[in-house]
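Report on one structure; see the data block that follows.
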2 protein chains.
Amino acid sequence: MKSSPHVSKGLDDVSVGVSRISWVGGETGELVYRGFSIDELVPGVPYESVVHLLLYGEPPSSDPSPEIVEGLRRARPVPPSIERVVDALDPHLPPLEALRTILSALGDGSYGYPPTVEEGLRLIARAPVLLARYVRRAAGRPPVAPQEAGSQAANFLWMLTGESPEPAKVWALEGYLDLLADHGMNASTFALRVAISTQSDLISGATGALGTLKGPVHGGAPSRVSEMLDAIGSPERAATWIAERLARKEVLYGFGHRVYKTEDPRAIALHAIARRVADPHRLELAELVERIALDALRRAKPNARLYTNVEYYSAVVLEAVGLPPGLFTPTFAVARTAGWAAHALEQASDNRLIRPDIDYVGVPKGQHWPRPVARAPADPSN
Amino acid sequence: MKSSPHVSKGLDDVSVGVSRISWVGGETGELVYRGFSIDELVPGVPYESVVHLLLYGEPPSSDPSPEIVEGLRRARPVPPSIERVVDALDPHLPPLEALRTILSALGDGSYGYPPTVEEGLRLIARAPVLLARYVRRAAGRPPVAPQEAGSQAANFLWMLTGESPEPAKVWALEGYLDLLADHGMNASTFALRVAISTQSDLISGATGALGTLKGPVHGGAPSRVSEMLDAIGSPERAATWIAERLARKEVLYGFGHRVYKTEDPRAIALHAIARRVADPHRLELAELVERIALDALRRAKPNARLYTNVEYYSAVVLEAVGLPPGLFTPTFAVARTAGWAAHALEQASDNRLIRPDIDYVGVPKGQHWPRPVARAPADPSN
């Protein structure tokens, strides 16, 4: 039956139009938000200013962006009707499974089409509030209300722990949030844009994006870097452990990327942050494992252009910030709400239904199996 | 910066590979499930046999499919931990907003990768159970447990009303569920396949699919057909109402489709069902409005090849079945869970990350506004 002109199973060689939000330079190892290389932003630029840059397309008048600080502050208090859903969630759910339902529960019928900046700020503000609420409740602890004056990064740690976070941890988490805030047309952002393309709402798009981020091929692996480092345990075991793992054809986590064919600039920035905040022994182990793993992987696949990806030093940084591995990918999602909101706004600003074709190669019409599906009498009233 | 070779904003002219599940013949007005034209299936084939056909790729040994009947029966009882989330939902939510959170809440950590037929049956079985539970609770009524011996169609009406449904209504709903069970590569199914392509789970995919179906361009308009017929009210007002509406450049609901350039075969089948079960006055009004609307639309756009789409007689049939307009799109989603499960299984059977590119046309790197985003001291411990 009719074939479409351009067949592309993974859409690798297809562009779904134009974007002005961020540019991923896979060959050169660059990530640019609205003209700003992430090297110019991280570490040090407040997440609120990055959110401003992504949502409005230009830098704020001062840092941190007064509009975004105020917008997030106002949006953080969550209506009790939504808190009740979060409090009803099984406390044994994996956090990412809970976060998908939390994001969906944010949709209280007030998110419309087209999406607005205000809706974006509600998503960005409330996702960490409710994630922290869920995590504390799962641990048998009462919720901690956000602090009026706190930044997004400081508030997240405050709401998780109920303690004033160390400035170095806030600084490191802020850098992480900045670096993960957007990344061109990745799979989760694409899922969101598909949803918005049907004139659905921001929460529907973000929920779908989270469900897509949940897959380990996209966002689900940084916790496995920590597990891998834990399993190796000490520097002297690294070489043997890696060699044995590769001999069993098992994956080493934190290396290789579909787009970056050189060092992921986020990995470089996160490595620099890790050098400042990570436990020296953990950092030493991570750096040694990285060197040995890259050597081994490159020997095994000389032409593969394998480099450390964002997950590797994400794990080391988020550990140092004090987050448990189960919260790594949920924290990635918390950072990415900014990019999702920006892409929802952009998709709606010049919208077109995203609906590819697929080539049917199944049983042709009428040439089905000898036994047809039985048809009951056409009308029960006969 | 680097452009991708094939640019396609809506992916209209792109095929994302091959499928053996269903074929949509847009030029000829055909819909084929696994070799069976829907004309061969509807009305009369049990939804359970259509589910069998879609999930297993071949017809059942007898009708209704014993495996699917048994699988759905076993899967219908929902764990209390999930019921609690549904019972915590704000009863004032639009049903489709509630259904997105309900689908997400089905994900209790037990759905893995790759997805399985058993997981698919749990999704198909439980979505209507929890939707009915929510709808009754929102109306202040206690939940009605599914009937062990009831079909999917009969159980849905039973759980909504608490009364044994009339056979004609079950028959009509069964036809509707059959007809809406799958439809090639539509936007919601595509969103699901994007999620599965990251090795995410079926519930994540289905939640994203629902969020995409929620957009009125995809699944959100059948209730507006009922509203339109209500607004017209009586046959003698039809011509004037339609003329005035078109003069105001407002949309008439239920006409036109991105793929079908002739009569949508589902519209024909639903019209036939409506002739059997709809209130004669409502049917007469619907048929008259259809004729006048198509005439007017074709006069306004002589080259547009506009036909009645699936939404139009969906509304008439679902009204006749006794569903309120707010449940039309949720019921569409209930039907489509079968196709979503089938596409998740197929995507995982030969998987590849679906990740298109997008062309960055924003501010080039380093050429940003004169005022840079301020960078705070690089390290708070300095």
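The values are calculated or read from the model by the stated rules, or taken from the named source; none is laboratory data. Everything numeric here is computed off the predicted structure, so don't read it as measured data. Using ideal geometry, Cβ is built from the backbone for each residue, glycine included, and neighbour counts are taken over all protein chains shown.
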For A:PHE332: the one exception among (1) facing chain B (nearest Cβ under 10 Å); (2) buried (at least 21 other Cβ atoms within 10 Å of the Cβ) | (1)
Buried (at least 24 other Cβ atoms within 10 Å of the Cβ) and modelled with pLDDT of 95 or more: does that describe B:LEU130?
-> yes
Could you tell me whether any residue of the stretch A:299-311 is farther than 19 Å from A:ALA221 by Cβ and in a helix (DSSP H, G or I)?
-> yes
Could you tell me whether A:ALA315 is outside the structural domain of A:GLY162 (by TED's automatic domain parsing), crowded, with 23+ Cβ neighbours inside 10 Å and of a type in the set (Gly, Ala, Ser)?
-> yes
For B:PRO280: the one exception among (1) under 30 Å from A:VAL217 (Cβ atoms); (2) of a type outside the set (D, E, K, R); (3) free of Cβ contacts under 8 Å to residues at least 12 places away in the same chain | (1)
Does the stretch B:220-228 include one or more residues that are touching a residue at least 24 places away in the same chain (Cβ under 8 Å), at the interface with chain A (Cβ under 8 Å from one of its Cβ atoms) and of a type in the set (S, T, N, Q)?
-> no
If we scan the stretch B:277-294, do we find a residue that is more than 30 Å from B:GLY10 (Cα to Cα), buried (at least 21 other Cβ atoms within 10 Å of the Cβ) and within 14 Å of chain A (Cβ to nearest Cβ)?
-> yes
With A:ARG133, A:ARG141, A:ARG193 as the choices, which residue is among the charged types (D, E, K, R) and touching a Pro at 6+ places or on another chain (Cβ under 9 Å)?
-> A:ARG133
Which condition number in (1) surrounded by 24 or more Cβ atoms within 10 Å (Cβ to Cβ); (2) touching a residue at least 24 places away in the same chain (Cβ under 8 Å); (3) of a type outside the set (Phe, Trp, Tyr); (4) closer than 30 Å to A:LEU11 by Cα is the one that B:GLY254 fails?
-> (4)
Pick from A:ALA348, A:ALA320, A:ALA342: which is buried (at least 24 other Cβ atoms within 10 Å of the Cβ), at pLDDT 90 or above and part of a helix (DSSP H, G or I)?
-> A:ALA342
Per-region count, the stretch A:280-301, residues under 25 Å from the mean Cα position of the chain (by Cα) and closer than 23 Å to A:ALA172 by Cβ = 6
Yes or no: A:PRO5 outside the structural domain of A:SER188 (by TED's automatic domain parsing), over 22 Å from the mean Cα position of the chain (by Cα) and over 30 Å from A:ARG305 (Cβ atoms)?
-> yes
So is B:GLY215 over 14 Å from A:GLY208 (Cβ atoms) and either aliphatic (A, V, I, L, M) or at pLDDT below 95 (or both) or not?
-> no
For the stretch B:260-298, the count of residues that are modelled with pLDDT of 95 or more and not in a helix (DSSP H, G or I) equals 2
Considering only the stretch A:1-101, give the helices (runs of 4 or more DSSP H) lying wholly within it that have at least 3 residues that are more than 30 Å from B:THR28 (Cα to Cα) and at the interface with chain B (Cβ under 7 Å from one of its Cβ atoms).
-> A:80-88
Name every residue in the stretch B:354-369 that is in a loop (DSSP other than H, G, I, E, B) and over 24 Å from the mean Cα position of the chain (by Cα), in order of residue number.
-> B:PRO356, B:VAL361, B:GLY362, B:VAL363, B:PRO364, B:LYS365, B:GLY366, B:GLN367, B:HIS368, B:TRP369
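Please state which one of B:GLY322, B:GLY362 is of a type in the set (Gly, Ala, Ser) and away from chain A (no Cβ under 14 Å).
Every option except B:GLY322 fails the conditions.
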A:ASP264 vs. criteria in contact with a His (Cβ under 9 Å, 6 or more places away or on another chain) and closer than 25 Å to A:LEU177 by Cα = yes
Just need a number here: residues in the stretch B:361-374 that are in contact (Cβ under 8 Å) with a residue 24 or more places away in the chain and either buried (at least 24 other Cβ atoms within 10 Å of the Cβ) or under 14 Å from B:VAL194 (Cα atoms) (or both).
-> 0
Give the stretch A:89-108 a look and list any residue that's farther than 10 Å from B:GLY107 by Cβ and buried (at least 19 other Cβ atoms within 10 Å of the Cβ), or say none.
-> A:LEU89, A:PRO95, A:LEU99, A:ILE102, A:LEU103, A:SER104, A:ALA105, A:LEU106, A:GLY107, A:ASP108
Helices (runs of 4 or more DSSP H) contained in the stretch A:109-219 and holding at least 2 residues within 12 Å of chain B (Cβ to nearest Cβ) and touching a helix residue (DSSP H, G or I) at 6+ places or on another chain (Cβ under 6 Å) = A:152-161, A:167-180, A:187-197, A:202-213
Among the listed residues B:VAL32, B:VAL86, which satisfies the condition of being touching a Lys or Arg at 6+ places or on another chain (Cβ under 6 Å), under 30 Å from B:ARG258 (Cα atoms) and either at pLDDT below 95 or buried (at least 21 other Cβ atoms within 10 Å of the Cβ) (or both)?
-> B:VAL32
